[in-house]
Amino acid sequence: MSAGPRIYTGLARRENAGWLLGLRPGQAVVCVLLTLPVVVTLSGGDVRGAVVAAAVAIPLIGLVVVPVRGRTVMRWLAHLLMFQVGLALGWSRWQSRAASGSTVDPAIPDLPGTLARVRFPDGPPMRDLGRICLIHDTGEARWGATAKLVHSGIAMLSDAQCQRLASRLGNLLATLAHRDVVDRMSLLIRTVPDTGADYDAWRAEHERADAPEAARRAARELDRTIGRVAVRHEVFVTFTGPEDALRRPATAAGGGIDGRAVVLYRVLDGLTDRLRSLGAERVTWLSGAGLAQAIRTGFNPGSAGVLSARDRRVPWATAGPTHAPAPTARVYRHDGFATVSYAVVMPEAGTTFGSLGGLLAIRTAGERRALAVHYEALSARRARSAVRAGRFRTGVVRDWKRSKGFSVAATDRRAAAGARSQEQAVAAGHGLVRFAMAAAVTVPGEWAVDDHAARMENDIAGRFELLRLDLAQDAGFVTAVLPVGIGLPRLRGGAL
């Protein structure tokens, strides 16, 4: 008898939590500066002046400290200012060089926004797999490669099989923590939009005239419920590593792009078997043409059928959108499509393996949904440092509250217990993984995209919290939809 699905807890821990009552250093400094006039006035015996200063300081402290939908008010104002400056100076609008009539080199990428910093050189041939396209993120100084997977999914698997896959995924992430070259993995799943034409053509080709009437009635019922809704998926996985870890072995391998490719190939060769153990029926490391097509179909889902039917190669000069008007604060528009992107916040109560499937449940033919999970496996040294800092921080806050006569809240006790258990797990040899998740829904530009975004929010309500990436929808699109390994910010300070 199955024991039921395992609950994975401790996933909603805040990264870089502040030391002083949860405040970050900058917030703490601003709060101290705002309270100084109150203290100085009160020490001088001017109670009325202290009250007036407090009436001014308290709302300002609230603007700096209290988060609203993931960001404080001051951060919202700063981001809004930068967004408006980008609109006013024309930085947010995009038109490809080919669309403007300029002379272009087909091998040079012409991509907007965040992707402008990424280079895509082809490495040398890898055994019998041909050339693999390298992803060089010049902004983050990282190198990587992307594979396309053929996977049957987990919807029909038992709880025991899901547990085995979860364990193997944990083992894969643990191996990344012990590798010097690759430390990040990004898993991306995109549905393939279907207006129903492909399904009708398949039915017409495979329908049998001698089929029983009961089977025909069942097929018609399925047509009315799910037959015209896309159920096909594209699965990509991207592995990346920092330039600092690649530089020395790459120099020994000949240096340059080829040297870095050789070092990456050694790691990718071993990771292929790990991916197959996770249920991947086929693992195809993408060449430049394959990655360009994946990016092109990300920007323009409608081009997928034409590209696959004609087996056309997509040059890098046309891999991006032809036109992307200035984005609105809540929607990113590209090549006649509109996308709304979200950050996915894990629940405090934990979750089960496969619970994110609701984010990929298509409701309308022609709609596309995407889900990306970005992992970074910390090295043993960084993991030990992070858990020690977390345990010390939670202990200091708890002891300080007790010394001042405040009652310790249940959340503080849970945080302290979680920090201790995490430190014990790392001391026992387990790893520590940073992760971030993003989801997106894409529809034709003339559709009411907010209605489809609301349906996506309803599909996952009560299980996960979706934070709409307002003022950053273009960057959110890259994180949630494109298989280039961009999605985790750089970890500063070595603590979580």
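The values are calculated or read from the model by the stated rules, or taken from the named source; none is laboratory data. Since this is a predicted model, take the numbers as computed values, not measurements. As a convention, Cβ positions derive from the backbone with ideal geometry for all residues, glycine included, and neighbour counts pool all protein chains shown. Ligands, DNA and RNA are stripped out before the accessible areas are found, and what is left, the full protein with its side chains, is counted by its heavy atoms. Shrake-Rupley method; radii C 1.70, N 1.55, O 1.52, S 1.80 Å.
Points worth noting:
- Condition broken by R266, with the remaining ones in (1) in contact (Cβ under 8 Å) with a residue 24 or more places away in the chain; (2) open to solvent by less than 90 Å² (accessible area, probe 1.4 Å); (3) out of contact with any strand residue (DSSP E or B) (no Cβ under 9 Å at 6 or more places or on another chain) satisfied: (2)
- Qualifying position, being closer than 24 Å to V344 by Cβ, free of Cβ contacts under 8 Å to residues at least 40 places away in the same chain and touching a Gly at 6+ places or on another chain (Cβ under 7 Å), among A461, A419, A454: A419
- Number of positions in segment 357-389 that are crowded, with 17+ Cβ neighbours inside 10 Å and over 24 Å from the mean Cα position of the chain (by Cα): 2
- Output for segment 403-433, where each listed residue is at pLDDT 75 or above and open to solvent by 100 Å² or more (accessible area, probe 1.4 Å): R413, R414, R420, Q424, H430
- Selection status of T35, part of a loop (DSSP other than H, G, I, E, B), of a type in the set (S, T, N, Q), open to solvent by 40 Å² or more (accessible area, probe 1.4 Å) and without any contact (Cβ under 8 Å) to a residue 40 or more places away in the chain: no
- The set of residues in segment 141-163 being loosely packed, with under 13 Cβ neighbours inside 10 Å and in contact (Cβ under 8 Å) with a residue 24 or more places away in the chain consists of S152, A155, S158, A160.
- Criterion violated by A439 - all others in (1) closer than 26 Å to R75 by Cβ; (2) among the hydrophobic types (A, V, I, L, M, F, W, C); (3) out of contact with any Lys or Arg (no Cβ under 8 Å at 6 or more places or on another chain) satisfied: (3)
- Candidates Q84, Q95: the one that is open to solvent by 40 Å² or more (accessible area, probe 1.4 Å), in contact with a His (Cβ under 8 Å, 6 or more places away or on another chain) and among the polar types (S, T, N, Q) is Q95.
- Strands (runs of 3 or more DSSP E) contained in segment 278-356 and holding at least 1 residues among the acidic types (D, E) and open to solvent by 40 Å² or more (accessible area, probe 1.4 Å): 280-285
- Any hit, segment 243-252, residues being outside any loop (DSSP other than H, G, I, E, B) and β-branched (V, I, T): yes
- Among the candidates G256, G241, residue that is over 24 Å from L359 (Cα atoms), modelled with pLDDT of 85 or more, of a type outside the set (A, V, I, L, M) and loosely packed, with under 15 Cβ neighbours inside 10 Å: G256
- Taking each residue of segment 248-259 that is closer than 19 Å to D137 by Cα and looking for partners that are of a type in the set (K, R) and surrounded by 16 or more Cβ atoms within 10 Å (Cβ to Cβ) with beta-carbon atoms closer than 8 Å, six or more apart or interchain, yields A250/R260.
- Screening segment 114-218 for strands (runs of 3 or more DSSP E) wholly inside it with 2 or more residues that are within 16 Å of R260 (Cα to Cα) returns the ranges 122-125, 131-133, 135-137, 142-151.
- Test for R369: is it touching a strand residue (DSSP E or B) at 6+ places or on another chain (Cβ under 7 Å) and either of a type outside the set (A, V, I, L, M, F, W, C) or touching a residue at least 24 places away in the same chain (Cβ under 8 Å) (or both): yes
- Checked against the criterion of being open to solvent by less than 40 Å² (accessible area, probe 1.4 Å) and among the basic types (K, R), segment 207-215 has no qualifying residue.
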